[in-house]
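Comments concern the structure below.
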Amino acid sequence: FVQSAVWPARAAVLASDGTQLSSPSVIAQSGSIALLTGIVGAATAAQAKALGVPYQAGDPIGQGGIEQAYQAQLAGRPSLTIQLQGPGKRVDATAARFAATPGKPVQTSLDMRDQMAASAAVSSASTSKPIDMVAIQPSTGKVLAVVERPGGFDRALAGIFPPGSTFKVVTASALAEKGMRPSSTVQCPSQVTIGGRTFHNDANEHLGTTSLQTAFAVSCNSTFAMLAYQRLGGAALASMAARFGFNANPNLGIPATLGKFTTPHQPVDVAADAFGQGTDLVNPLSQASVAAAIEDGTWRSPVLVTSPQPRQVTSHKISPVILGTLRPMMRAVVTSGTAAGVGFPAGVYGKTGTAQYGTGTHSHGWFIGYRGDVAFAVLVEGGGYGANSAGPVANAFLRKI
């Protein structure tokens with residue numbers, strides 16, 4: 001008995017409008033899309049064995065991304081012919097035939113307009129540093145765009161980086177629950193020593209007595225280090241981080257991670273975590289979901305595969321008190337704060353971040369924010385000041401959509 005298999009045409013991975021994401025035209029304009037979709041290649045003997053019957057070495061299978069995660073659905077089942085062979089491979093009879101089962105497409109939430117706008121913004125950026133970007137629809141949690149330059153490991157969805165001052169969105173939300181408002185009086189010295197460690201502002205900037213909104217808009221590290229130590233503590237900070245999806249396990253259909261937050265117990269660690277220079281770690285996916293929560297009023301776990309849609313993580317309502325505090329402060333970042341010089345269009349809310357890493361001599365540049373029903377996070381690895389590196393990429397994206 002000899003079995004031969006013929007695989008049907010493989011089903012496609014689709015954008016929300018039905019565009020085939022693996023088409024040459026899409027890949028030409030947005031090459032990093034393959035980090036999400038994966039590719040199709042010939043199975044090795046080991047891969048065929050792992051997949052089981054009826055796979056054989058050389059059969060087309062998904063390698064990475066959605067193509068691999070949804071291999072069975074996309075590939076379907078081959079037609080099978082079982083023949084009786086005699087000496088010299090002479091076919092004596094056909095014992096049985098089994099019809100093929102066609103594969104079924106996998107649909108994603110990607111919006112081609114947003115995906116192409118993000119791709120153009122990243123590819124035209126003046127910096128030569130690596131750039132990772134994610135856009136999310138706040139009202140649904142759907143991932144609208146994912147772009148990276150260069151490709152390789154999917155850093156936008158699965159990387160881990162210090163958040164820098166973008167984490168002040170979480171810290172300020174915890175402070176709002178403790179009764180602080182944008183107009184609350186705070187201190188912004190050039191530096192402050194907590195638990196034996198000195199925290200300082202960029203260029204040792206100091207404002208003296210000011211408002212919480214101004215301290216947030218100009219990203220005063222000393223203010224948030226002090227307030228977290230004096231008014232919050234590690235448990236309150238950890239609780240708020242959890243509300244914004246930290247330590248949750250997203251279910252995008254492919255490997256992804258959200259923010260990681262370990263509860264700090266020493267005053268020095270509380271202070272460092274408060275402005276994103278402790279042990280807290282994030283990526284553009286997690287930070288876009290944080291910005292989306294402030295826009296919509298609900299934190300939603302990001303959604304990528306919409307058909308068949310995986311089971312989702314529970315959503316969290318964000319308190320109106322938090323929203324009433326954070327929205328004007330994030331607007332002030334763009335109108336009068338660290339991002340005022342970027343030249344954003346009307347209606348943008350955001351937060352810059354400059355996150356030191358390694359020995360502290362290099363920094364990642366962040367800009368997270370939202371405009372209408374689009375939230376986004378841009379990371380320029382090793383880019384330095386967030387407003388100078390990530391801000392222009394976000395601006396170019398918003399102007400293209």
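So the values come out like this:
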read-out: Qualifying residue in the range 327-348 (condition: among the hydroxyl-bearing types (S, T, Y), at pLDDT 95 or above, over 26 Å from E177 (Cα atoms) and open to solvent by 10 Å² or more (accessible area, probe 1.4 Å)); value: no
read-out: Within the range 25-42, tally of residues that are surrounded by 15 or more Cβ atoms within 10 Å (Cβ to Cβ), among the hydroxyl-bearing types (S, T, Y) and out of contact with any helix residue (DSSP H, G or I) (no Cβ under 7 Å at 6 or more places or on another chain); value: 1
read-out: Pair list, Cβ < 7 Å and 6+ apart or interchain, from the range 115-130 residues that are within 18 Å of G384 (Cβ to Cβ) to residues that are surrounded by fewer than 17 Cβ atoms within 10 Å (Cβ to Cβ); value: K129/G382; P130/P150
read-out: Whichever residue in the range 293-323 is in contact (Cβ under 8 Å) with a residue 40 or more places away in the chain and more than 23 Å from L144 (Cα to Cα) and, among such residues, is least open to solvent (accessible area, probe 1.4 Å); value: I322
read-out: Residue identified as touching a strand residue (DSSP E or B) at 6+ places or on another chain (Cβ under 6 Å) and either touching a residue at least 40 places away in the same chain (Cβ under 8 Å) or basic (K, R) (or both) among G384, G341, G337, G391; value: G391
read-out: Matching residues, the range 201-242, being within 30 Å of A69 (Cα to Cα) and either modelled with pLDDT under 95 or surrounded by fewer than 20 Cβ atoms within 10 Å (Cβ to Cβ) (or both); value: A242
read-out: The range 11-39, residues that are within 19 Å of the chain's Cα centre (by Cα) and among the small types (G, A, S); value: A15, S16, S30, G31, S32, A34, G38
read-out: Residue check for Q115: open to solvent by less than 10 Å² (accessible area, probe 1.4 Å) and modelled with pLDDT of 95 or more; value: yes
read-out: Number of positions in the range 179-188 that are surrounded by 14 or more Cβ atoms within 10 Å (Cβ to Cβ) and either modelled with pLDDT under 95 or within 33 Å of the chain's Cα centre (by Cα) (or both); value: 6
read-out: Residue in the range 12-24 that is open to solvent by less than 70 Å² (accessible area, probe 1.4 Å), part of a helix (DSSP H, G or I) and among the β-branched types (V, I, T) present; value: no
read-out: Which numbered condition P8 misses (of (1) surrounded by fewer than 16 Cβ atoms within 10 Å (Cβ to Cβ); (2) within 32 Å of the chain's Cα centre (by Cα); (3) assigned to a loop (DSSP other than H, G, I, E, B)); value: (2)
read-out: Residue within the range 280-288 that is in contact (Cβ under 8 Å) with a residue 24 or more places away in the chain, open to solvent by 30 Å² or more (accessible area, probe 1.4 Å) and not aliphatic (A, V, I, L, M) present; value: no
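The values are calculated or read from the model by the stated rules, or taken from the named source; none is laboratory data. All values reported here derive from a predicted model rather than from experimental measurement. Neighbour counts are summed over all protein chains in view; Cβ atoms, including those assigned to glycine, are modelled from backbone coordinates with ideal geometry. Only protein heavy atoms, including side chains, enter the accessible area calculation; ligands, DNA and RNA are left aside. Shrake-Rupley method; radii C 1.70, N 1.55, O 1.52, S 1.80 Å.
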